[in-house]
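Remarks on the structure that follows.
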Amino acid sequence: MAKAGGWLGRVRAGLARTREALSARLDDLLGRDLDQAYYDELEEILLRADLGVGTPDVARAALREILVEALGSPAPLVLEPRPAVILVLGVNGTGKTTTIGKLAHRLRADSRRVLLAAADTFRAAAADQLEIWAGRSGADLVRHREGADPAAVVYDAAQAARARHADVLIVDTAGRLHTKVNLIEELKKMDRVVRRELPGSPVEALLVIDATTGQNGLAQAREFKAAVPLTGVVLTKLDGTARGGIVVPITQELGVPVKLVGLGEGIDDLEPFDPEAFADALLTPAAAPPGEGPRASA
Ligand code: GDP
């Protein structure tokens, strides 16, 4: 042991200059966004220490493995047996309504009958907005007047889902955090009503998080989690941030998978989350534009 320690000690001492140069510069990279400049710099650091050109590729492959492992397996929405219920939760402005519209559109394209419930009765504009998305996506809508009891909307929507043989009932909920206690009680009640009225239906509780708000989104998530057991996260606005890595702490800290990602404001800009594809998209520089590379013909 003493001998090994002595050997290690001598080697450590001998490597001091290389190590200092390497670790000081690696420290500079900590906390930076994983963009092309990051990789260029990492490559330069490794090359300066004469670690060889293959090392950056090895480091990138290792990072990909770590990410995929941290993100877990793909977690598709549970939509059977029908009617399936999807409660959509989240703070106002995160993209709840837009996500519901996009999701309704995806499900309609998959030939499913979709019913939307406007249970954010706090703002009349929310139901109006949802009505527009219902029209665009070809979904039905249940709404009450402004100020109505959200649980009553959910009750009616559950009856309508059964009567009209809907495949999926998507519930829009209020997201005002300033009346937190009421909001949480309201969400709990909606969850109870839907489970009571549609026994046997799977209930997804999806929390919408705006990727551009980063860590703040995580704090919100903990509060919603206290109201309703979350089954998944929708991470919106990934197209507008350099901090898409937030998906890793969200998955790890909340213990629920990211199920969908929002990639723009258009009706088609919602995709199921695929951890492997995400890791590749994060780590691999953009492919050559169509017509310029071998991928063009694929
Ligand atoms: P809500 O208050 O949570 O219902 O939020 P909205 O659905 O009204 O969305 C708030 C804003 O975010 C709108 O301007 C949307 O167009 C925009 N938005 C929603 N999802 C995305 C997304 O994935 N990418 C981008 N760039 N904008 C989005």
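Odds and ends about this structure:
- Hits in region 202-258 (condition: basic (Lys, Arg) and either touching a residue at least 60 places away in the same chain (Cβ under 8 Å) or not assigned by TED's automatic domain parsing to the domain that holds LEU89 (or both)): LYS237, ARG243
- Residues that are within 12 Å of the ligand (Cβ to nearest atom) and of a type in the set (A, V, I, L, M) were ranked within region 209-242; the one that is nearest to VAL91 (Cα to Cα) is ILE209.
- Selection of strands (runs of 3 or more DSSP E) fully inside region 34-148 by the criterion of at least 2 residues being within 14 Å of the ligand (Cβ to nearest atom) returns 84-89, 114-118.
- If only residues of region 254-281 that are surrounded by 13 or more Cβ atoms within 10 Å (Cβ to Cβ) and among the acidic types (Asp, Glu) are counted, the one that is nearest to the ligand (Cβ to nearest atom) is GLU265.
For every residue, the table says whether it meets (1) outside the structural domain of THR231 (by TED's automatic domain parsing); (2) surrounded by 14 or more Cβ atoms within 10 Å (Cβ to Cβ); (3) acidic (Asp, Glu).
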| site | (1), (2), (3) |
| --- | --- |
| GLY31 | yes, no, no |
| GLY54 | yes, no, no |
| VAL78 | yes, yes, no |
| GLY93 | no, no, no |
| ILE100 | no, yes, no |
| ALA126 | no, yes, no |
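- Residues located in region 33-48, provided they are of a type in the set (A, V, I, L, M) and either surrounded by fewer than 16 Cβ atoms within 10 Å (Cβ to Cβ) or touching an Asp or Glu at 6+ places or on another chain (Cβ under 8 Å) (or both): ALA37, LEU47
- Long-range neighbours under 9 Å by Cβ, at least six apart or interchain, first residue touching a residue at least 60 places away in the same chain (Cβ under 8 Å) and farther than 10 Å from VAL142 by Cα within region 156-168, second open to solvent by less than 50 Å² (accessible area, probe 1.4 Å) and of a type in the set (Lys, Arg): ALA166/ARG112; ASP167/ARG112; VAL168/ARG112
Residues checked against (1) buried (at least 19 other Cβ atoms within 10 Å of the Cβ); (2) under 23 Å from the mean Cα position of the chain (by Cα); (3) not assigned by TED's automatic domain parsing to the domain that holds VAL208:
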| position | (1), (2), (3) |
| --- | --- |
| ALA109 | no, yes, no |
| VAL153 | yes, no, no |
| ASP156 | no, no, no |
| ALA166 | yes, no, no |
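- Residues located in region 231-253, provided they are open to solvent by 10 Å² or more (accessible area, probe 1.4 Å) and over 17 Å from ASP35 (Cβ atoms): THR231, LYS237, PRO249, THR251, GLN252, GLU253
- Among the residues of region 169-189, those that are within 16 Å of the ligand (Cβ to nearest atom), touching a residue at least 40 places away in the same chain (Cβ under 8 Å) and farther than 22 Å from PRO257 by Cα comprise ALA174, ARG176, LEU177, LEU183.
The values are calculated or read from the model by the stated rules, or taken from the named source; none is laboratory data. Since the structure is predicted, the reported quantities are computational estimates derived from the model, not experimental observations. Every residue, glycine among them, receives a Cβ derived from its backbone with ideal geometry; neighbour counts consider all protein chains shown. SASA here: full protein model, heavy atoms, side chains in, ligands and nucleic acids out. Shrake-Rupley method; radii C 1.70, N 1.55, O 1.52, S 1.80 Å.
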